[in-house]
Amino acid sequence: MLVSFDEVLSLADKGGFAIPAFNVYNMETVMGIISAAEELRAPVILQFYSRLAANEEGYYLSPIILAAAKKATVPVCFHLDHGASDKEVMRAIRYGATGIMIDASTKPIEENIAITKQIVELCGYNGIQVEGEIGHVGSAANEDNLSASTTVEEATAFAEGSGVRALAVMVGTAHGHYKKAPKLDIDRIAEIHAANPKVSLVLHGGSGVPDDQIQAAVKAGIRKINFGTDVCYSFLDKVFETSRSLIAIDLFMKDSIQNVKAFAEEKIKLLGADGKAE
Ligand code: G3H
Ligand code: ZN
């Protein structure tokens with residue numbers, strides 16, 4: 001069933017686990033993830049990057065996400081990831097998103113709060129809750145990006161000033177594949193969580209983070225974890241392995257859907273989201 005951002009986050013807050021948020025790109029990635037969620041009775045978030053809302057892809061992909069969510073017997077939230085501006089936010093709402101992220105994390109904190117607050121108000125008119133980001137999560141290609149930069153004071157000021165439902169924090173992760181395994185600041189997560197019990201903390205850059213660190217982060221208070229790069233690899237690795245003798249595209253894609261499903265199942269279990277749909 002299609003549910004609000006608040007609904008999936010509340011399940012995680014109450015259950016002490018993290019909602020897996022998978023970036024999707026096409027029908028096949030949606031099918032693999034929904035199939036894993038159904039099989040493991042897990043609530044999930046299907047999200048797409050802001051650029052898809054800015055160009056034509058989001059227009060075609062949104063009805064697929066909505067159809068999958070509405071058919072599912074587990075809670076599914078349709079979320080805009082890293083919303084860049086009003087334009088993408090408005091489009092995502094028109095496309096039927098039930099959760100919105102606005103990312104103004106490269107701006108000074110006062111500006112970030114002001115931009116995010118405005119989006120919280122706008123989304124509030126539509127009954128949609130918002131994720132913001134404080135302390136920029138950068139690219140894993142740059143190893144200088146990997147130290148925790150969100151302080152407890154900043155996180156608290158941002159959460160209170162903006163009114164967000166979920167808060168993405170920079171605690172040692174980055175986007176893309178890491179050159180060497182990251183080391184998360186678990187104490188910082190626990191401190192930010194203790195100071196901000198009303199917001200759900202979000203970990204971006206989930207691909208390539210060692211399992212023990214993911215589990216420690218969840219234990220310390222992370223309630224949503226994003227996986228993007230490894231969704232792509234789980235899909236594309238199998239596409240490149242699949243025999244060219246399969247011409248019918250639906251048949252050609254079957255193994256890739258299964259590979260996405262297997263990847264999603266592994267992360268659902270790792271985050272403790274299995275069996276949490278009810
Ligand atoms: O917003 C999306 C994520 O933070 C994904 O990061 O591609 O490193 O898994 P990742
Ligand atoms: Zn991210």
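The values are calculated or read from the model by the stated rules, or taken from the named source; none is laboratory data. Keep in mind that what you see is a predicted model, and the values were worked out from it rather than measured. Because the Cβ atoms are built from the backbone with ideal geometry, glycine has one as well, and the counts that use them run over all protein chains shown. Remember, those area values only see protein heavy atoms, side chains included, never the ligands or the DNA or RNA. Shrake-Rupley method; radii C 1.70, N 1.55, O 1.52, S 1.80 Å.
State the percent of C-alpha pairs, over all pairs in the chain, separated by a distance greater than 36 angstrom. In whole percent, the long-distance tail amounts to 8. Centre-to-centre separation between the Cα atoms of the stretch 192-223 and those of the stretch 121-162: 13 Å.
Overall, the accessible surface of the stretch 28-153 at a probe of 1.4 angstrom is composed of carbon and sulfur to the extent of 55 percent. Note on the chain: helix-only mean residue ellipticity at 222 nm, from DSSP H runs of 4+ residues weighted -39500 (n - 2.57) and normalised by residue number, equals -15000 deg cm²/dmol. Roughly how tilted is helix 186-195, in degrees to the nearest 10 and between 0 and 90, from the longest Cα axis of the chain? With both axes taken from Cα atoms, the answer is about 60 degrees. Relative to the dominant Cα principal axis of the chain, helix 109-124 is inclined by about 60°.
Only Lys, Arg, Asp and Glu carry charge here, each on its Cβ (+1 for the first two, -1 for the last two); on that basis the chain has a dipole of about 460 debye about its Cα centre.
List the aspartates and glutamates whose alpha-carbon lies under 13 Å from that of K219, not counting same-chain residues fewer than 8 positions away? Counting by Cα, and skipping residues close in sequence, K219 has these aspartates and glutamates nearby: D13, D185, D187, E191, D211.
Axis angle, to the nearest 10 degrees, between helix 86-95 and the longest C-alpha principal axis of the chain: 40 degrees.
Among the listed pairs K224/K269; K87/K224; K224/K261; K14/K71, those with a Cα-Cα distance over 23 Å are K87/K224; K14/K71.
Accessible surface computed residue by residue for the stretch 18-147, with neighbouring protein chains in place and a 1.4 Å probe, gives 40 Å² per residue. With Cα atoms as the point set, the stretch 1-84 shows a radius of gyration and Dmax of 12.3, 37 Å.
Each Lys and Arg Cβ is given +1 and each Asp and Glu Cβ -1; about its Cα centre, the stretch 35-159 then shows a dipole of about 660 debye. Among beta bridges from DSSP that stay inside the chain, the antiparallel ones total about 0%.
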